[in-house]
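Have a look at the structure below before the remarks.
The values are calculated or read from the model by the stated rules, or taken from the named source; none is laboratory data. The structure displayed is predicted, hence computed values, not measured ones. Note: ideal-geometry Cβ built from the backbone for every residue, glycine included; neighbour counts use all protein chains shown.
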């Protein structure tokens, strides 16, 4: 091998100052022909490996929430008489048809509000949770919604729910800020810890009545609400007693007290909410192919919520066509600083183009 010095002109020459000559080796010629030095290729490979490792670490850190665009078109409850505001014992304040191009949006089956009434939280029966800021005017009327956020519900092991676990049907917020979610097909009751980032931490499992595991696959836990004394009231959709009523329970930690609710006119329970005075509102839905959906709400006195009682109450509103009605499954209450009791209903569109996601707001006329 010939030893050569490289001059400024790129050619070989003698250099008495340099003690170590530059050597044109066979490997250098091969690298030049290849177009990319082997050292550079090694650095690129190392960079790609580090990038891949970083991506994996992000994925292992858990799913992140995302902002999504949801449009809210205002609507009247009675399109033929938009001036009508009073329906039963409720005053209609505003209505919105919600829509989004995000495929995760829809299927809203549970609804609750933050304790200050400024945030809406909802769950879908495909295992997602949603939140949105609420804007009200001086009269308490909902005028608009702020940023919408979506994220997957987590399982106890911190992983995203699998397809068999996703059927979330009821949502309620406890007085400590934690959220309780009831699942129907695989009966579960999970508490998500209070956090500045809701639903970001894995839940803990709460005790359930053993017999709930005998409920029909599509007829189990449907509604849940925290009572003023922090007991939990649960109701099923189609899990029936011998007399035809559906099963219900009061849950006090690990103690379960049975109640029942009689089914009338083919209405089935879809949600529960607790009034400031301790009474319960029960949302029900009836569906007929030729008539469509009919919705009613009954008010159950707090005195009747006791062991082995049959829950009964008076109807305070019934919504039927030609009014704007859909598959309402979620209900939430909030008492504002002026003492007004505001009621919110949301519909489950079943991710179907033939149905809508509606959000209605009412004021209870007689608190």
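Structure summary
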read-out: Residues (buried (at least 21 other Cβ atoms within 10 Å of the Cβ), free of Cβ contacts under 8 Å to residues at least 60 places away in the same chain and in a loop (DSSP other than H, G, I, E, B)) located in region 326-352; value: 326, 327
read-out: Subset tally (residues that are in contact (Cβ under 8 Å) with a residue 60 or more places away in the chain and either out of contact with any helix residue (DSSP H, G or I) (no Cβ under 9 Å at 6 or more places or on another chain) or buried (at least 17 other Cβ atoms within 10 Å of the Cβ) (or both)) for region 304-315; value: 3
read-out: Scope region 111-122; condition free of Cβ contacts under 8 Å to residues at least 60 places away in the same chain and either within 14 Å of the chain's Cα centre (by Cα) or crowded, with 21+ Cβ neighbours inside 10 Å (or both); matching residues; value: 114, 119
read-out: Close pairs (9 angstrom Cβ cut-off, 6 or more residues apart or separate chains): free of Cβ contacts under 8 Å to residues at least 12 places away in the same chain in region 123-137, surrounded by fewer than 21 Cβ atoms within 10 Å (Cβ to Cβ) and part of a strand (DSSP E or B) anywhere; value: 135/143; 135/144; 135/145; 135/146; 137/143
read-out: Region 246-258: number of residues that are within 23 Å of residue 204 (Cα to Cα) and either more than 28 Å from the chain's Cα centre (by Cα) or assigned to a strand (DSSP E or B) (or both); value: 8
read-out: Residue 261, sole failed condition from (1) at pLDDT 95 or above; (2) more than 26 Å from the chain's Cα centre (by Cα); (3) farther than 17 Å from residue 169 by Cβ; value: (3)
read-out: Residue 234, sole failed condition from (1) touching a residue at least 40 places away in the same chain (Cβ under 8 Å); (2) over 28 Å from the mean Cα position of the chain (by Cα); value: (2)
read-out: Residue, nearest to the chain's Cα centre (by Cα), within region 264-308, restricted to residues that are under 23 Å from residue 367 (Cβ atoms) and part of a loop (DSSP other than H, G, I, E, B); value: 275
read-out: Scope region 189-218; condition more than 20 Å from the chain's Cα centre (by Cα) and in a loop (DSSP other than H, G, I, E, B); matching residues; value: 207, 208, 209, 215, 216, 217
read-out: Test: residue 322 is out of contact with any strand residue (DSSP E or B) (no Cβ under 6 Å at 6 or more places or on another chain), in contact (Cβ under 8 Å) with a residue 24 or more places away in the chain and not in a helix (DSSP H, G or I); value: yes
read-out: Matching option when the condition is free of Cβ contacts under 8 Å to residues at least 40 places away in the same chain, closer than 28 Å to residue 339 by Cβ and in a loop (DSSP other than H, G, I, E, B), among 229, 243; value: 229
read-out: Criterion violated by residue 185 - all others in (1) farther than 24 Å from residue 308 by Cα; (2) in contact with a strand residue (DSSP E or B) (Cβ under 8 Å, 6 or more places away or on another chain) satisfied; value: (2)
read-out: Hits in region 120-133 - residues which are under 22 Å from residue 270 (Cβ atoms) and modelled with pLDDT of 95 or more; value: 120, 121, 122, 123, 124, 126, 127, 128, 129, 130, 131, 132
read-out: Filter result for residue 268 (modelled with pLDDT of 95 or more, in contact with a strand residue (DSSP E or B) (Cβ under 9 Å, 6 or more places away or on another chain), surrounded by 15 or more Cβ atoms within 10 Å (Cβ to Cβ) and closer than 24 Å to residue 116 by Cβ); value: no
read-out: Selection status of residue 62, under 22 Å from the mean Cα position of the chain (by Cα), in a loop (DSSP other than H, G, I, E, B) and modelled with pLDDT under 95; value: yes
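Yes/no matrix, rows are residues, columns are (1) on the phi < 0 side of the Ramachandran plot; (2) buried (at least 20 other Cβ atoms within 10 Å of the Cβ); (3) modelled with pLDDT under 95:
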site: 273; (1), (2), (3): yes, yes, no
site: 280; (1), (2), (3): yes, yes, no
site: 290; (1), (2), (3): yes, no, yes
site: 302; (1), (2), (3): yes, no, no
site: 318; (1), (2), (3): yes, no, no
